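Student: Starting off with a structure, shown below.
Read the figures in this text as sums done on the coordinates, not as results from a lab. Keep in mind it's a predicted model, so treat the numbers as computed, not measured. Positions of Cβ are backbone-derived with ideal geometry, glycine not excepted, and every protein chain shown enters the neighbour counts.
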2 protein chains.
Amino acid sequence: MRDSAHPSSAPTDGRSRILDAAEAAFAADGFSGASMKAIADAAGVASGLLHYHFDGKEGLYAAVIDRRAGLINAERLAQLAPIDLGAPDAVRRILAALLGPPLGPMGGGRAYARILAGMTAGDARDKALVRAHYDEVAEAFIAALSQARPDASRAAVAWAYNLAIGTLVTALGSSDRAEQFAGQPVQDRLGTLITYVEGGLDALAAAPPD
Amino acid sequence: MRDSAHPSSAPTDGRSRILDAAEAAFAADGFSGASMKAIADAAGVASGLLHYHFDGKEGLYAAVIDRRAGLINAERLAQLAPIDLGAPDAVRRILAALLGPPLGPMGGGRAYARILAGMTAGDARDKALVRAHYDEVAEAFIAALSQARPDASRAAVAWAYNLAIGTLVTALGSSDRAEQFAGQPVQDRLGTLITYVEGGLDALAAAPPD
DNA sequence: ATGTGTTGACTGGTCGATCAGTCAGCAGCT
DNA sequence: AGCTGCTGACTGATCGACCAGTCAACACAT
């Protein structure tokens, strides 16, 4: 089932249909493995239209990331803003705002998670895209976590943030393997993810900063 | 029986030089992005030799994973075996045996980590390779962790194991981004990784199994 | 002389990209 | 209304580049 009401909902115009098909193709085979012709066929348009709208393969790739990252990050920041950083459950709520949106209906499901997982191993193109789309959000969440846990060093918080993202991305991207060992789908286990990450943050905050 | 002692150090025979070049190429561009001709050029051999030794691109890819996974897993199991699972620091030592070898001299550095990160987002080919090379080790470590933490449910341990692997792979594969925020190279921070993962495991063990 | 390792030109196919051209819709003019 | 000219989404044949894989020939050891 595809998410309705949002980006993949009205695949009536060519532009959206191309983005949907491209997201699936890049998720399945990576940037190099996906072919423009296959994307065009899946979208039901001529191959030339991809170049007309997105200025080539790189542009199409960037557009796919941009659409999804925009939705996810807007939702993240919207959930982060009203949190009282002094409350006792602030850390848990912050982590829910960070980890929840990618798992939700706007997150694009496994397809986008796989693209993200591939990007963490990616080249200069991917690095630039990650920076452009996620640096601002990363700073906001690290700052919020630092306020909510003033006892933790900034290095500990930054480490926890990075490891949390790694946890999330890999768990989502290889969710079938996670299910193989743990027996439950990742999408339903946001609480497990948060518990794990919060525990890791606690441990880092308590550890001597060597 | 094929690789001589240390893979990256004595690239004298064509076979090893090809594996080294292929590892770097697959890490940089993924399976589809790497070209056989480019690998052959980098290794200083003719393109036909790749097919002679490895029976095509898929075989070469599998051989790259096989070489590295064999070294890493042998080292992991060697470090795991002598651990007294009843000792108070057993969990920490188990995690060191799990997370340390990929960071060490036999781990292949960032190149292999990137391949692994790409595999977690990969298709059927990657899934089969992961199963073939890492399932046995995964079971061994989950069993060891369960013995060392009999209070934790098996589901909690399995989750912690999977999230730990995700943590490791993403941290290594995108280590420059980790350094950007945390200010320290990942390779020198095995202790940080272990602390984080152990904290996550503690939290999962304590949480109610909903 | 037999076998193992190695070569590099070659093949058929697929790639991303290009571009002349089609077509529906809409303005402005009469 | 009817005609004209223009715009922009869209097409698909075509191109050169590059791809993985093949193969007959060669080097050199046993």
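Student: In debye, nearest 20, what is the charge dipole magnitude of the protein assembly as shown about its Cα centre with +1 on Lys and Arg Cβ and -1 on Asp and Glu Cβ, if you could check?
Tutor: The dipole of the protein assembly as shown has a size of about 460 debye.
Student: Assuming 0.890 mPa s and 25 °C, estimate D for region A:94-138 with Stokes-Einstein, Rh taken as the Kirkwood radius over Cα pairs, in µm²/s.
Tutor: 216 µm²/s
Student: Here's another thing I want to ask about it. As a test of the definition: which semi-axes, in Å, follow for region B:9-133 when you take the square root of five times each eigenvalue of its alpha carbon gyration tensor? Largest first, please.
Tutor: In descending order, the three semi-axes are 31, 15, 12 Å.
Student: Taking each residue of A:189-197 in turn, how many C-beta atoms of other protein chains fall within 10 Å of its C-beta, and what is the average?
Tutor: 6
Student: Rank by packing, highest mean first: peptides B:73-79, B:86-92, B:118-124, with packing defined as the count of other Cβ atoms within 10 Å averaged across residues.
Tutor: B:118-124, B:73-79, B:86-92
Student: What does the convex hull of the alpha-carbon atoms of the protein assembly as shown project to on average, in nm²?
Tutor: Averaged projected hull area, Cα only: 20.9 nm².
Student: Here is a further query. Can I get the semi-axes of region B:114-210's equivalent ellipsoid? Compute them from the C-alpha gyration tensor as square roots of 5 times the eigenvalues, in angstrom, largest first.
Tutor: In descending order, the three semi-axes are 24, 20, 11 Å.
Student: Sorted from largest to smallest, which semi-axis lengths in Å does the alpha carbon gyration tensor of region A:118-173 give for its equivalent ellipsoid, taking the root of 5 times each eigenvalue?
Tutor: For region A:118-173, the ellipsoid semi-axes come out as 23, 13, 9 Å.
Student: I would also like to ask the following. Along Cα→Cβ at 7 Å, what distances in nm separate the A:LEU77 label point from those on the other copies, shortest first?
Tutor: 5.1
Student: Which residue, chosen from B:LEU85, B:SER47, A:PHE31, occupies the Cα position most advanced towards the positive end of the dipole of the protein assembly as shown, where the dipole is computed from +1 (Lys, Arg) and -1 (Asp, Glu) charges on Cβ about the Cα centre?
Tutor: Of B:LEU85, B:SER47, A:PHE31, it is B:SER47.
Student: In Å, what Rg and Dmax follow from the Cα atoms of region A:31-99?
Tutor: 18.8, 55
Student: Right, another one. About its Cα centre, what dipole magnitude does region A:34-192 give when the only charges are +1 on Lys and Arg Cβ and -1 on Asp and Glu Cβ, stated in debye to the nearest 20?
Tutor: In total the dipole reaches around 160 debye.
Student: As an exercise, take the mean of 1/r over every pair of distinct alpha carbons in chain A, invert it, and state the Kirkwood radius in angstroms.
Tutor: This gives a value of 18.2 Å.
Student: Calculated FRET efficiency, A:LEU49 and B:ASP41, Cβ-Cβ r, R0 22 Å, to nearest 0.05?
Tutor: 0.05
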